[in-house]
Structures are given as structure tokens and as C-alpha cells.
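What follows is calculated from the coordinates using simple rules that are stated; it is not laboratory data. This one's a predicted model, so the numbers in the text were calculated from it and none came from an experiment. With ideal geometry, Cβ positions are generated from the backbone for all residues, glycine too; neighbour counts draw on all protein chains shown.
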Amino acid sequence: MDELIDKMKKYAVENKVPIMSEDGISFLQQFIKKNNIKNILEIGTAIGYSAICMAKVKDSLQIVSIERDEIRYQKAIENVKVAKKEEQIHLIYGDAFDIEVKGNFDLIFIDAAKAQNIRFFQKFSPLLNEHGYIITDNMYFHGLVEKEDLANESKNVRKMVQKIQNYHQFLNELKNYRTTIYRIGDGIALSEKLSETSIDELNPKNWTVYK
């Protein structure tokens, strides 16, 4: 298994596939173990790195993972097969917004298009079990989210930063979730569900965005 993990890391670097940092993976694994997580919905499989690392925690863990990039999806299938985790990791190919997932989950892990975090949260949070958790990676966008002066950054970067800042605000204003952001890797948000959330609460305000 360790040899496969090393190969996936190397592949990710060579093919510019973003994968979670080692610190982030360690956080996930410890969290799953500590909180007795039984099933996970992952938004953003990539090459299956995080899914396989999570599945290593315990053989009974079940993971449903969605990936829209066909090349990465096929690579994930290959890696899951090599890891012999086909009974634990169930891969779905397609755009997450077009897919209807059945079932409920103890943990939803969002690690996909950062600009769509609010929409991912809105769509999939109703699938969360009582007192479940949503974990979101890449909350600081290489430190730029906390940078005061973005004048030297490109228009696209400024837009991305604003969207991530909007997500920070969205999480902070959810009354029925308690969110803590950890300075691990590129920033990890842990949102604990305290009670059921109304549809109105999941609709963000009209925040200002960069034009």
C-alpha cells in the first residue's frame, strides 16, 4: 500500500493533479478514527489518493466519491483496484451537480472546484446524518485569502479569492453548523451539524464579488 501511495504522489506531481497535503491526510485519518465515521461522501476523487488513504483507517469504512474528469476518474479506478479497496470505495463519474446520490453520510468531504464550495454545501449537506460533519479543503488558497493587497494578482485569482472568502462568510453565518478552520495544509474547515438546516439558511446573501 505504501508503494502505491508513493506512486500516486509522484503521478500527482508529474501530471499537476492537486492532492491533499500529508498533514491534511493525517488529520482526516485521525478524525475518522476518533469520531467513528462509518460512511463518507467525497466530492472530487481526482486520482483516488485521499479516498484510498481514508479507506486505510478501517476496512468497514464505506466511501462514495464523485469525479468529473474522465482521465482522473479512470486513474482512480486503476488505483483503487491496485489497493484492493473496490469493496470500500465506490466511484461515480460525472459532474456532482448532475448526480443524485442516495443515502446518508457521517462525513462529507469537499475537495473539488473551490469556486463552487457553497453550491456543493447546499446540494449535499441534506445528506448528512444527525451530528455529522462536512470537511472542506483549500480554505486559504496558498495564503491569498488572508492577503490584504491583491492588486498584483490576476483578475481570475482575485475572483477565486473572493469566492473562497464568501465561503468563509457562508460557513460562519450558518446557525445550525459550528465551523472551525484549522491551519493544516492549505486550510481545512470542519463544519459540525448541530441541527437540521432550513433551505433559506443555505441560500447565501448577495455578497460583493470582483468584476
- Taking other Cβ within 10 Å of each residue's Cβ, how do Leu194, Leu41, Leu174 sort, fewest first? Leu194, Leu174, Leu41
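Kindly state, as a whole number, the per residue volume in cubic angstrom of the convex hull around the alpha carbon atoms of region 2-202. Numbers along the way, then the final one.
Values: hull volume 25.0 nm³, N = 201.
Considering the Cα atoms of region 2-202, their hull volume per residue is 124 Å³.
222 nm [θ] for the chain, helices only, -39500 (n - 2.57) per DSSP H run of 4+, per residue, to 500?
Values: 7 runs with 78 residues, N = 211.
Computed mean residue ellipticity for the chain: -11000 deg cm²/dmol.
Going by how many other Cβ atoms sit within 10 Å of their own, how do Lys34, Lys114, Lys56, Lys9 line up, fewest first? Present the calculation step by step, with values, prior to reporting the outcome.
Details: Lys34 8, Lys114 21, Lys56 18, Lys9 15.
Fewest-to-most Cβ neighbours within 10 Å comes out as Lys34, Lys9, Lys56, Lys114.
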- Query: Which whole-number percent is the relative contact order of the chain (Cα, under 8 Å, 6+ apart)?
  - Reply: 18 percent
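Mind putting a number on the dipole of the chain about its Cα centre? Charges go on the C-beta only, +1 for Lys and Arg and -1 for Asp and Glu, and I need it in Debye to the nearest 20. The partial results should precede the final answer.
Details: 30 positive and 31 negative charges, 44 e Å.
Rounded to the nearest 20 debye, it is 220 debye.
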- Which pairs break 30 Å Cα to Cα here: Lys58/Lys159; Lys10/Lys175; Lys7/Lys38? Lys58/Lys159; Lys10/Lys175
- Ranked on Cβ counts within 10 Å of their own Cβ, fewest leading, Arg72, Arg183 go Arg183, Arg72
